[in-house]
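Written out below as structure tokens is the structure these notes cover.
The values are calculated or read from the model by the stated rules, or taken from the named source; none is laboratory data. Here the structure is a predicted model, which means the values were calculated and not measured. When we count neighbours, we look across all protein chains shown, and the Cβ atoms used for this are built from the backbone with ideal geometry, even at glycine. Please note that ligands, DNA and RNA were not included when accessible areas were found on the heavy atoms of the full protein model with its side chains. Shrake-Rupley method; radii C 1.70, N 1.55, O 1.52, S 1.80 Å.
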Amino acid sequence: MSDASINTTTQTGSQIGDAGFGDYFALLKPRVMSLVVFTAFVGLVVAPQGVHPVIAFASILFIAVGGGASGALNMWWDADIDRKMRRTQSRPIPSGRVTEGEAFALGMTLSVFACVFLALTANFMAGFLLAFTIFFYVAIYTMWLKRWTPQNIVIGGAAGAFPPMIGWAVATGGVSIESILMFALTFAWTPPHFWALALFTKGDYANAGVPMLTVTHGRKATRAHILGYTLVLALVAVALGVTSVGGPTYMAIAVVMNAMFIKGAWDVFRRNDDHSDADNHKSERGLFKLSLIYLFAHYGALLIEAGLKPYGFGGWG
Amino acid sequence: MSFKEDHELHKRRFSRNIGLGLVLIGFVALVYGITVVKVGELYQPEQGTEVAE
């Protein structure tokens, strides 16, 4: 109802170019930014080298701004898709509150700003990784692969997986097995997370012409893919536990969470559409909700390990 | 009716200006903080060297 009223007032065109501050902030995809901030923060905190709190705060902020800038560029390029999908019709560009040119200008300006300032504040490796993340998300995923391959979610997941690696680079100035496995954790988590969502929001992507796996290969294949990626995810999650950032607490949480996630993926795999429609996609919704807790629990466990280390409890001793 | 629309327009512009102003003030404070830390880090090792010498 509120969406309808927004659309009515904005279709007149009177507010184009006169967006409020919140509309520009919405271009930065605040919800995605919160995940970026959290995982980058964990990557920075679990790193072996300490960082001055002001430098850490500023670095996380610049990473968040860079992530937000890529979100604005994504909304600029995907404005045509966003106009067709119910879920995205109230975004600033489709609703007419912000023009496409403004979104592009904001995204480009903030991208350059965030990368340069991260490089100056932390180090050039961190700045480079942030620049590569933005390039990957905007050019490789949004412009090229999203509309071309049903594996778009897999590739797009890589962009979302970089923040803990950047956080680690802020502290260490480099890349290591720990940061690569943190990257791999979010990377392998993304497909089951989004495909579970796609299984119960089926109409939207098809209407927009985005080649989601559910549309191109069918829902049965999607269920199989979810199970496959979940098994890979479990391996990555456990492997991260035996590195220097892992420990008994992390491992205990990882084993429990992955057992639950595999069970959830198995339940989704065994079902067909009739079962799914009959109970309003109960298992699919359940797996999607569990995936949100899953990622938070793993990164939270890494934080606990890092927090216990000064007291002689964290890590493998 | 038109007055109400103008009022909404001005409210939007005002929120934009206030928001941008706060962002700029925050940015100045942030750069100041970073500068203090960086300059502090720059001089710390030299002081240490002087003491050692």
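For the chain pair B and A, the interface hides roughly 1400 square angstrom of accessible area in total, found with a 1.4 Å probe. Subtracting the Cα-Cα distance of A:Asp273 and A:Phe296 from their residue separation scaled by 0.36 nm leaves 5.3 nm. Using only alpha-carbon positions in the stretch A:115-185, the gyration tensor eigenvalues give semi-axes of 24, 15, 6 Å once each is multiplied by 5 and square-rooted (largest first).
Mean per-residue shielding of peptide A:20-26 is 5, counting Cβ atoms of other chains within 10 Å of each Cβ.
When the accessible area of the protein assembly as shown is computed with all protein chains present and a 1.4 Å probe, what percentage of it is carbon and sulfur? It is 70 percent, rounded to a whole number. In a fully extended conformation the segment linking B:Leu22 and B:Thr35 would gain 2.7 nm over its present Cα-Cα distance, using 0.36 nm per residue. Note down the net charge around A:Thr230, summing +1 for each Lys or Arg and -1 for each Asp or Glu among other residues with Cβ under 12 Å from its Cβ. Net charge in that neighbourhood comes out at +1. Peptides A:175-184, A:271-280, A:56-65 ordered by packing proxy, namely the average of other Cβ atoms within 10 Å per residue, highest first: A:56-65, A:175-184, A:271-280. Close amide H contacts of A:Thr99 (hydrogens built in the peptide plane, cut-off under 5 Å, sequence separation of 5 or more or a different chain): A:Gly17. Going by a ≥ b ≥ c, the root eigenvalues of the Cα gyration tensor, does the stretch A:176-317 fall in the rounded group (a/c under 1.5), the prolate group (a/b larger than b/c) or the oblate group? Prolate, since a/c reaches 1.5 and a/b exceeds b/c. Applying a length cut-off of 18 Å (Cα extent along the axis) and a mean Kyte-Doolittle floor of 0.0 to the DSSP H helices of chain A leaves A:30-45, A:53-77, A:100-121, A:152-172, A:177-200, A:218-241, A:248-270, A:282-308.
Across the stretch A:310-315, coupling constants 3J(HN,Hα) worked out from phi with the 6.51/-1.76/1.60 Karplus curve, θ = phi - 60°, read x, 9, x, 9, x, x Hz, and Gly and Pro carry x.
Structural size metrics of the stretch A:21-175, computed from C-alpha coordinates, are Rg and Dmax of 15.4, 47 Å. What does the accessible area of A:Phe132 come to, in Å² to the nearest 10, when a probe of 1.4 Å is used? The value for A:Phe132 is about 80 Å². With the whole protein complex present, A:Leu197 retains an accessible surface near 30 Å², based on a 1.4 Å probe.
Taking every alpha-carbon pair under 8 Å whose residues sit at least 6 apart, chain A reaches a relative contact order of 18 percent.
Shielding value for A:205-215 is 0, the average number of Cβ atoms from other chains within 10 Å of each residue's Cβ. The slack between A:Gln151 and A:Ile304, meaning 0.36 nm per residue of separation minus the straight C-alpha distance, is 51.7 nm.
Across the stretch A:48-131, Cα pairs under 8 Å and at least six residues apart give a relative contact order of 36 percent. On a per residue basis, the stretch A:21-175 carries 39 Å² of accessible surface, using protein heavy atoms and a 1.4 Å probe. Orientation-averaged projection of chain A equals 16.4 nm² [convex hull of Cα atoms, one quarter of hull surface area]. Relative contact order of the stretch A:234-295, taken over Cα pairs closer than 8 Å and 6 or more residues apart, is 29 percent. Excluding residues on the same chain fewer than 8 positions from A:Lys84, give the lysines whose Cα lies under 19 Å from its Cα. Partners found: A:Lys29, A:Lys146, A:Lys202. Model label sites at A:Met143 and B:Leu9, defined 7 Å from Cα along the beta-carbon direction, differ in position by 3.6 nm.
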